[in-house]
1. Taking the options 349, 395, name whichever one is of a type outside the set (D, E, K, R), closer than 30 Å to residue 39 by Cβ and touching a strand residue (DSSP E or B) at 6+ places or on another chain (Cβ under 8 Å).
2. Go through the range 133-165 residue by residue and tally those that are over 14 Å from residue 371 (Cβ atoms), among the hydroxyl-bearing types (Ser, Thr, Tyr) and in a helix (DSSP H, G or I).
3. Which one of these is farther than 19 Å from residue 338 by Cβ and either among the basic types (Lys, Arg) or touching an Asp or Glu at 6+ places or on another chain (Cβ under 9 Å) (or both): 379, 485, 463?
4. Quickly run through the range 379-438 and pick out the residues that are in contact (Cβ under 8 Å) with a residue 12 or more places away in the chain and of a type in the set (Ser, Thr, Tyr).
5. If the Cβ limit is 6 Å and pairs must be 6+ apart or interchain, which residue in the range 1-23 that is closer than 14 Å to residue 166 by Cα pairs with which residue that is modelled with pLDDT of 95 or more and assigned to a loop (DSSP other than H, G, I, E, B)?
6. Quick check on the range 240-250. Is at least one of its residues modelled with pLDDT of 95 or more, over 16 Å from residue 367 (Cα atoms), among the β-branched types (Val, Ile, Thr) and touching a Cys at 6+ places or on another chain (Cβ under 9 Å)?
7. Filter the range 120-164 for residues that are among the polar types (S, T, N, Q) and surrounded by 24 or more Cβ atoms within 10 Å (Cβ to Cβ) and give the result.
8. Picking from 202, 197, 168, which residue would you name as being within 23 Å of the chain's Cα centre (by Cα) and either in a helix (DSSP H, G or I) or at negative phi (or both)?
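The values are calculated or read from the model by the stated rules, or taken from the named source; none is laboratory data. Given the structure is predicted, the values throughout are model-derived calculations rather than measurements. Cβ placement follows ideal geometry from the backbone for every residue including glycine, while neighbour counts extend to all protein chains displayed.
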Amino acid sequence: MDLRFLLLQLCFFVSGFAALLYETAWTRELAFVFGTSELAVTAVLAAYMAGLALGAALAGRWAHRIRRPVFAYGVIELGIGLGALAVPFAIRGLMGIYVNWLGGLDAPPESVGLATALFHLGGAFLVLVPCTALMGATLPLLARHAVQTNDQVGPRIGYLYSVNTAGAICGAVTAAFFLLPEFGLRQTIYFGALANALVFAAAALLSRYAPAAQGKPARRSSGFSPVLLLISVSGAVSFIYEVLWVRMLGFVLGGSTAAFATMLASFLIGISLGSAVASRFARDAERAGFGFAVAQLATALMAWMTFSLADWLPSLAALLNASSSNLLPGAVLSIFTLLPVTVCIGASFPFAVRLMAVDVDDAASASARVYAWNTLGSIVGSVAAGFWLLPAFGFEGTLLVGTTINLLLAVGAALLFVSGSRTKVLTGLAGLTMVALMIVRPGPPYSLLGMAALSGGEGSGNIDFLGVGRSATVTLKKVGYSHQISTNGLPESMIQSLSNPPDLYQEARWLALLPLLARPETERVLIIGLGGGRTLSAVPPS
């Protein structure tokens with residue numbers, strides 16, 4: 001591996017670092033406009049990733065014409081930094097539009113209504129896509145320069161993808177744990193812009209010593225390739241697992257920004273490692289096809305095994321003293337929980353690139369198309385998991401959907417790209433795995449869902465009801481002679497048993513009566529939130 005390629009990987013690491021700084025900061029800043037509902041967060045994420053896909057698709061079409069791709073990469077990084085500095089002003093303008101729109105309505109819009117969804121998505125798209133499209137264009141440009149021979153297509157693009165993901169891990173963690181708490185939103189953006197400027201300077205210097213690329217036409221496979229369908233569906237399944245585990249690990253780590261960054265970093269670590277390892281084996285199409293099928297089969301197995309062990313997490317969290325107030329041991333637990341499945345997920349990308357590329361001249365176009373379709377699939381997976389799969393099928397049902405799709409992808413890849421007896425072996429293993437998953441279906445992880453997120457460890461009581469919604473998981477636990485309502489592991493209220501002495505709950509009843517004592521003439525009372533009904537029960541009937 002030559003020194004110039006190592007320096008290029010370092011630049012791409014910093015690019016990923018800055019990109020996740022921006023994503024973390026922009027998500028926080030756009031929350032002041034859209035709020036923090038599941039719809040709002042999903043709209044921001046979808047707009048961010050749509051920009052990445054758009055940029056990759058466009059860059060794949062003209063990267064082969066650029067004679068100095070490293071310098072072009074540096075210029076794009078400078079453009080990202082300048083654009084990021086303008087995003088806060090665009091968000092202010094969006095806030096003004098939103099306020100004017102709300103002011104013209106007779107009543108507040110539905111939180112999940114069509115008009116609200118379109119505004120969230122359209123607003124986030126307009127604000128974020130100029131920058132994120134530039135981010136998406138960087139991988140095809142670097143692939144244009146880095147890949148010089150046919151056997152470098154899979155390995156070098158896989159390494160670039162891996163180091164960029166590693167930079168993203170560091171960016172997410174640094175933003176959540178250090179920059180945002182210590183310096184705030186605006187200064188975090190400045191740090192990201194500085195990183196982009198450094199990458200521009202380094203790329204400009206490297207381009208002086210890099211040989212000019214030949215501006216010959218790229219060889220693109222004609223029409224739609226089944227590889228694109230496979231990698232897009234694979235991206236969708238990977239985000240189904242991410243949404244599933246972010247929701248479940250929230251019972252251990254809580255729901256803070258730092259906790260979310262910890263879970264995101266845990267997921268990305270495995271993807272980075274998986275891509276790096278698989279890159280070494282993605283040197284020709286035959287091995288890449290076999291590797292892709294094996295990666296999908298292994299993803300299904302690891303996802304099922306990891307979910308089956310979820311009820312051990314409360315005991316491990318108690319052993320490590322992991323909780324929402326002690327995130328370091330929680331991060332260790334999260335990483336080792338997700339590592340097996342995420343390594344398998346990350347392995348699919350370099351294999352797909354090698355399958356897509358006709359030869360070295362097709363490297364930039366192939367990487368762009370695979371990256372774009374994988375990202376589009378990720379958007380679909382994140383939306384489907386949060387808004388449909390989890391509410392409709394619960395945790396174990398969503399897992400079964402994901403593993404079934406992985407096994408179908410393994411069979412499809414084996415039939416399309418693997419020859420000889422290995423095709424029968426892979427399809428047979430996938431079939432046996434499917435039968436095994438249908439027979440040994442894991443149930444809901446009640447021990448994990450009964451955890452108290454603030455204190456760590458397994459909570460007391462048995463779960464009598466479990467409800468999985470779009471943005472929260474609600475449990476009803478029998479604790480002693482009463483029932484406790486918890487949302488995402490956080491106790492919300494107690495429902496008093498008829499056999500309980502009423503004086504055990506006098507404090508809550510007194511608080512509810514304070515407004516009435518201040519205004520005894522009150523005839524109508526507005527109570528926001530029912531909870532366990534204790535406030536309502538304290539209000540006099542007349």
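1. 395
2. Adding up the residues that qualify gives 1.
3. None of the other options fit; the residue is 485.
4. Listed by number, the residues that qualify are 382, 398, 403, 404, 419, 427, 433.
5. Listed by first residue and then by second, the contacts come to nothing, as the list is empty.
6. The answer is no; no qualifying residue exists.
7. So the first thing to find is which residues in the range 120-164 are among the polar types (S, T, N, Q), and the list is 132, 138, 148-150, 152, 162, 164.
Answer for the range 120-164, where residues must be among the polar types (S, T, N, Q) and surrounded by 24 or more Cβ atoms within 10 Å (Cβ to Cβ): 132, 138, 162, 164.
8. Only one candidate passes the filter, namely 168.
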